[in-house]
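J.: Let me begin by handing over the structure; questions about it come next.
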Amino acid sequence: MARPRLTTPLARSRAALAASGWVALAVTALPGGSPLRWIPVLAFVGLAPGLALLLPRPAAPRPGAGLELFAFAAPLSLSLATLTATGLFLAAAFSVGAFLGILAGFVTVAALLPGVPLPAAGSGPEEPGPDARPAGTAFRFRERGRDGTG
């Protein structure tokens, strides 16, 4: 039986997103103040849930879409983390393991689904809009009245 391979960059990014939550959950076993513990957890909670919802897309994004992706992924991730923590607090069941486990499960499932389309994520350059001026006319400033209004 042939083993599946992660040959495309999309498949690799989906696998990395799916594994990132479980890695963050595993590093909580390290000693308390270690940077090897809090850096992966902070990166996972701050970016992975939003990236899991936005990143898996089949079309290649335009050059400006990468920045838009990260700018939208961070607040989306923190919003999902806040909702998860609030739900656990209301259920009186909050613990770091439960919090990261729920988020890791969410990211794993969301990484397998298609991403949410973003406005700048379309492929190809933007097409210029039609010019509102008739052909052959130059741009003119309109004249203002004496009181400064147009």
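J.: Which count do you get for residues in region 57-79 that are at pLDDT 90 or above, open to solvent by 40 Å² or more (accessible area, probe 1.4 Å) and either under 26 Å from residue 32 (Cα atoms) or of a type outside the set (A, V, I, L, M) (or both)?
T.: 3
J.: Only one of 121, 48, 24 is surrounded by 15 or more Cβ atoms within 10 Å (Cβ to Cβ), at pLDDT below 75 and at negative phi; which?
T.: Among 121, 48, 24, only 121 is surrounded by 15 or more Cβ atoms within 10 Å (Cβ to Cβ), at pLDDT below 75 and at negative phi.
J.: What's the number of the only condition in (1) within 13 Å of the chain's Cα centre (by Cα); (2) of a type in the set (A, V, I, L, M); (3) part of a loop (DSSP other than H, G, I, E, B); (4) at pLDDT 90 or above that residue 92 fails to meet?
T.: (1)
J.: In addition: Among the numbered conditions (1) in a helix (DSSP H, G or I); (2) open to solvent by 50 Å² or more (accessible area, probe 1.4 Å); (3) modelled with pLDDT of 95 or more, tell me where residue 101 comes up short.
T.: Just one mismatch for residue 101, condition (2).
J.: What are the pairs, 6+ residues apart or on separate chains, where a residue within region 1-15 that is within 17 Å of residue 50 (Cα to Cα) and open to solvent by less than 100 Å² (accessible area, probe 1.4 Å) has its Cβ under 7 Å from a residue that is assigned to a loop (DSSP other than H, G, I, E, B) and at pLDDT 75 or above?
T.: Pairs found: 13/55.
The values are calculated or read from the model by the stated rules, or taken from the named source; none is laboratory data. What you see is a predicted model; the values in this text were computed from it and never measured. Cβ: placed from backbone, ideal geometry, glycine included. Neighbour counts: every protein chain shown. The area values use the complete protein model at the heavy-atom level, side chains included, leaving out ligands, DNA and RNA. Shrake-Rupley method; radii C 1.70, N 1.55, O 1.52, S 1.80 Å.
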